[in-house]
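Heads up: the structure comes next, in structure tokens.
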Amino acid sequence: MNHARQFTRISYAALAALWLTTAPALTQTAAGQADDKILLTIFLRHDQSKSLDEINAQLKRQGYYQKFPPPDIDVVSWYVVMGIGQVVTLSVPASRLREVNRAIEQTAWGGYRTEFYPTYDYKAVAEEARKQNQ
């Protein structure tokens with residue numbers, strides 16, 4: 001098997017496992033009703049044709065460190081996946097989704113290739129189903 005192809009399969013499987021285990025929840029109000037926030041998991045894949053110093057210099061020139069994440073956007077988790085890049089999960093009001101996307105487009109492209117995954121919390125539902133089916 002081609003080693004690059006094997007690495008890609010392993011990498012995608014590792015990223016999927018990380019994403020599934022770290023993707024938290026659609027937030028709820030005290031009354032138990034969902035608010036308008038979504039969870040957004042963003043894969044920031046390093047451009048491996050550049051050194052880390054080159055990537056960081058480009059991100060700095062483009063204003064990445066000042067603009068991402070936008071003000072008042074909650075960072076739920078931020079992981080480094082060695083050899084791949086970073087995985088960031090944000091809690092984002094639905095009305096500000098475009099703002100987050102634009103921050104990435106304007107400041108991260110070139111240093112990173114990006115992927116976006118909207119997520120929601122299934123933990124409470126799964127726990128309740130488990131209780132009812134035991």
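Coordinate-derived values only; no laboratory data. Quantities reported herein were computed from a predicted structural model and do not represent experimental measurements. Because the Cβ atoms are built from the backbone with ideal geometry, glycine has one as well, and the counts that use them run over all protein chains shown.
Arrange the peptides 119-127, 58-66 so that the one whose residues have, on average, the most other Cβ atoms within 10 Å appears first. If you can, show how the numbers build up before the last one.
Values: 119-127: 12.1, 58-66: 14.4.
With the highest mean Cβ count within 10 Å placed first, the list reads 58-66, 119-127.
Please compute the Kirkwood hydrodynamic radius over the stretch 57-134, one decimal place, Å, based on all pairs of different Cα atoms. Before the final figure, lay out each step's value.
Numbers: mean 1/r = 0.0684 Å⁻¹.
After inverting the pairwise mean of 1/r, the radius is 14.6 Å.
Within the straight-line cut-off of under 25 Å between alpha carbons, the lysines reachable from residue 60 are 50, sequence neighbours fewer than 8 places apart in one chain being disregarded. Principal axis extents of the C-alpha atoms in the stretch 32-93 (largest first, rounded to whole Å): 47, 23, 12.
Of the peptides 97-103, 38-44, the ranking by mean beta-carbon count within 10 Å, highest at the top, reads 38-44, 97-103.
Footprinting exposure proxy ranking of 50, 131, 37, fewest other C-beta atoms within 10 angstrom first, gives 131, 50, 37. Of all aspartates and glutamates in the structure, those lying under 13 Å Cα to Cα from residue 37, and not within fewer than 8 positions of it along the same chain, are 72, 74, 121.
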